[in-house]
Amino acid sequence: MLTALGATAASALDLGVETWVSNLGFRSDRVSTDTSLPGGAYFWGVSVFGSQPVTDSVKVEAGFYSDPILRYTTRTIFTYEARFLSVGIGPIFGLFNDLGTPVKSGISASVKLEYPGVVFVYLRSDSSIGGSLEQTGDYTQELTEIVLGGYFPHVICTLGLRTTSFEQKASSENVTDSLTEYTFAAEMFKKNVPYRLRIWMSYDDLSRSYVSATTTTSTLGSLILGTQVEASLPGSLSLTAGFEGNIYSFGLGTLSGGDSMFLFRTYAGMKIKLDRGL
């Protein structure tokens, strides 16, 4: 989710895995009367994914993904790619995020408009299917992403807005975790150099809301700096590693403190490209 969106589709089967560790989040047992972010709460996850062209203009992407806000999801997306336009659509499923609701269905749709080598706009929306939350444990997952990118010599620059939310019905209230990210990123590369460097700065709003007769919201605002390195090894293997951390944080709503807390997310992954004939 942190790679640039300007790359073209591969002509072979791509398989990948990524693992992450972070303390940027609220514990599941946090209650509405808490006023501070537990600094010792650590979260981790693993994602497994792949993509394969179906025809010269259609490819399929599928995977199992973990996310500190959305929890666990699977996606199967079919994407039609033309020179100036790409359109993707497919089902998503929340998996085992609650024992009472082992599977939650949804849909994902995306559009990318591009003037090759100059500029592109990318829009994506993921949403659970269903009405209001009725039973304890019911939940919804939502994701919205907008990216504006421009191509420069050896650099792809992007401005992005990404929101994710997970709302779940508890016994006496609805609890919503959400994250809003405003990001400027630059990905640097050079022909015949097997490394790509990506750096970014973002402002993040991390929130948890408790909704009953009244609404109680704890929000942590953070300025984030991050970097990622991708290395293409001889053959068909590439490795990715990244790290982001806050340079300043502050509490909003009922949340107190935050300015002295170091928040981070680190991740590492690998991809392998397999020829069609294998």
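Within the range 206-218, being open to solvent by 20 Å² or more (accessible area, probe 1.4 Å) and in contact (Cβ under 8 Å) with a residue 24 or more places away in the chain holds for 209, 211, 212, 216, 217. Note on the range 120-149: among residues that are of a type in the set (Asp, Glu) and at pLDDT below 95, the one that is most open to solvent (accessible area, probe 1.4 Å) is 134. Among the residues of the range 222-241, those that are of a type in the set (Gly, Ala, Ser), under 18 Å from the mean Cα position of the chain (by Cα) and either crowded, with 18+ Cβ neighbours inside 10 Å or closer than 19 Å to residue 192 by Cβ (or both) comprise 222, 226.
Among the residues of the range 193-205, not a single one is at pLDDT below 95, surrounded by 14 or more Cβ atoms within 10 Å (Cβ to Cβ) and over 19 Å from the mean Cα position of the chain (by Cα). In this structure, residue 225 does satisfy being under 18 Å from residue 182 (Cα atoms) and free of Cβ contacts under 8 Å to residues at least 60 places away in the same chain.
Checking the conditions here, which among 79, 73 is of a type in the set (Val, Ile, Thr), closer than 27 Å to residue 211 by Cβ, open to solvent by less than 40 Å² (accessible area, probe 1.4 Å) and in a strand (DSSP E or B)? Break it down into steps so the answer makes sense when it comes.
Values: 79 fails: closer than 27 Å to residue 211 by Cβ.
None of the other options fit; the residue is 73.
Might you let me know whether the range 94-108 holds any residue that is free of Cβ contacts under 8 Å to residues at least 24 places away in the same chain, within 16 Å of residue 61 (Cα to Cα) and in contact with a Lys or Arg (Cβ under 8 Å, 6 or more places away or on another chain)? Taking every residue of the range 94-108 in turn, none turns out to be free of Cβ contacts under 8 Å to residues at least 24 places away in the same chain, within 16 Å of residue 61 (Cα to Cα) and in contact with a Lys or Arg (Cβ under 8 Å, 6 or more places away or on another chain). Just so you know, in the range 6-28 the residues that are surrounded by fewer than 16 Cβ atoms within 10 Å (Cβ to Cβ), farther than 18 Å from residue 67 by Cα and not hydrophobic (A, V, I, L, M, F, W, C) include one that is modelled with the highest pLDDT, and it is 11.
In the range 154-172, how many are open to solvent by 50 Å² or more (accessible area, probe 1.4 Å), within 12 Å of residue 137 (Cα to Cα) and not in a strand (DSSP E or B)? Spell out the reasoning first.
The initial filter retains those residues of the range 154-172 that are open to solvent by 50 Å² or more (accessible area, probe 1.4 Å), namely 154, 159, 161, 167, 169, 171-172.
Imposing the further condition that a residue be within 12 Å of residue 137 (Cα to Cα) reduces the set to 167, 169, 171-172.
Remaining after also requiring not in a strand (DSSP E or B): 171-172.
Of the residues in the range 154-172, 2 are open to solvent by 50 Å² or more (accessible area, probe 1.4 Å), within 12 Å of residue 137 (Cα to Cα) and not in a strand (DSSP E or B).
Within this structure, residue 84 passes the test of being of a type outside the set (Lys, Arg), in contact with a Leu (Cβ under 7 Å, 6 or more places away or on another chain), within 20 Å of residue 123 (Cβ to Cβ) and open to solvent by 60 Å² or more (accessible area, probe 1.4 Å). Filtered by the rule that a residue be open to solvent by 60 Å² or more (accessible area, probe 1.4 Å) and modelled with pLDDT of 95 or more, the range 88-110 gives 89, 93, 107. The set of residues from the range 216-231 being modelled with pLDDT under 95 and among the small types (Gly, Ala, Ser) comprises 218, 221, 222. Restricting the first member to the range 113-137 and to residues that are acidic (Asp, Glu), and the second to residues that are in a loop (DSSP other than H, G, I, E, B) and open to solvent by 60 Å² or more (accessible area, probe 1.4 Å), the beta-carbon pairs closer than 9 Å and six or more apart or on different chains are 114/83; 114/84. Number of residues in the range 98-138 that are assigned to a loop (DSSP other than H, G, I, E, B) and either among the basic types (Lys, Arg) or over 19 Å from residue 157 (Cα atoms) (or both): the value is 12. If the condition is being open to solvent by 40 Å² or more (accessible area, probe 1.4 Å) and assigned to a loop (DSSP other than H, G, I, E, B), then the range 46-70 contributes 54, 55, 56, 68.
Pairs are defined by a Cβ separation below 6 Å, a sequence spacing of at least 6 or placement on different chains, a first member in the range 173-184 that is under 13 Å from residue 139 (Cβ atoms), and a second member that is of a type in the set (A, V, I, L, M) and open to solvent by less than 30 Å² (accessible area, probe 1.4 Å); the pairs so defined are 177/69.
The values are calculated or read from the model by the stated rules, or taken from the named source; none is laboratory data. Since this is a predicted model, take the numbers as computed values, not measurements. Because the Cβ atoms are built from the backbone with ideal geometry, glycine has one as well, and the counts that use them run over all protein chains shown. Keep in mind that these areas ignore ligands, DNA and RNA; they rest on the heavy atoms of the full protein, side chains included. Shrake-Rupley method; radii C 1.70, N 1.55, O 1.52, S 1.80 Å.
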